[in-house]
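So the structure is just underneath, and the comments pick up after that.
What follows draws every value from the coordinates through simple rules; no lab data is involved. The shown structure was predicted, so the numbers you read here are calculated from the model rather than taken from an experiment. Using ideal geometry, Cβ is built from the backbone for each residue, glycine included, and neighbour counts are taken over all protein chains shown.
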Amino acid sequence: MKSILTLLCLFVCSVALSSDVESLAVNMDELEWSPPGGGNGFPVGVRTATQGYDPISEGRTYYAMFPAGSHFDLHWHTHDEYVVVVAGAPIIRLGDQDHHLAVGSYVVIPGKLNHSWTVPEGEEDAVILVRRAGPADFHFVKD
C-alpha cells in the first residue's frame, strides 16, 4: 500500500506547478463522481471525477471509473496521457499489444498511439487516475 501511495504522490506532483495551483487532498471515498455516461465508443456507465486543470497545457487530472464488463473502443489522443490504476484489473491495448494491469500499474500513452481499455466481466470496477498533457480529444479508430 505504501508503494501505491508513493506512486500516486509522484504522479500528482508531476503536474506543472504555478502560482495559480491550489492545494488539494481528497480521499477516494469523498470523490464527487459524475453521473454514469458513455456510449458511442465510450464505456457504458463510465464516471469521472475531475481533480485539477493545468491552465498552461489545458490538460486535466481526473479519476475515471469503468464498470466491470465495459470496453472503451480503440482511439487515440493528440497529447500524451499518464495513468495510474487505483482499483481493479483493467486490460489496456497499446498499439497491438495487450497489458493486464493491477493496482499500482503506471501507463504512459504517447499522443497518437491507438489504445483501448477493457474491464473483464465478473471483475471489480476499475478506477484509473489520469493526467493529460493537453486538452482532451478522442479520435475513434474505425475497424
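Going by the structure shown, is residue 103 out of contact with any Ser or Thr (no Cβ under 6 Å at 6 or more places or on another chain) and in a strand (DSSP E or B)? Judged against the criteria, residue 103 is not a match.
If the condition is being among the basic types (Lys, Arg) and not in a loop (DSSP other than H, G, I, E, B), then region 127-143 contributes 131, 132. Count of region 38-57 residues, restricted to those that are part of a strand (DSSP E or B) and farther than 14 Å from residue 128 by Cα, is 7.
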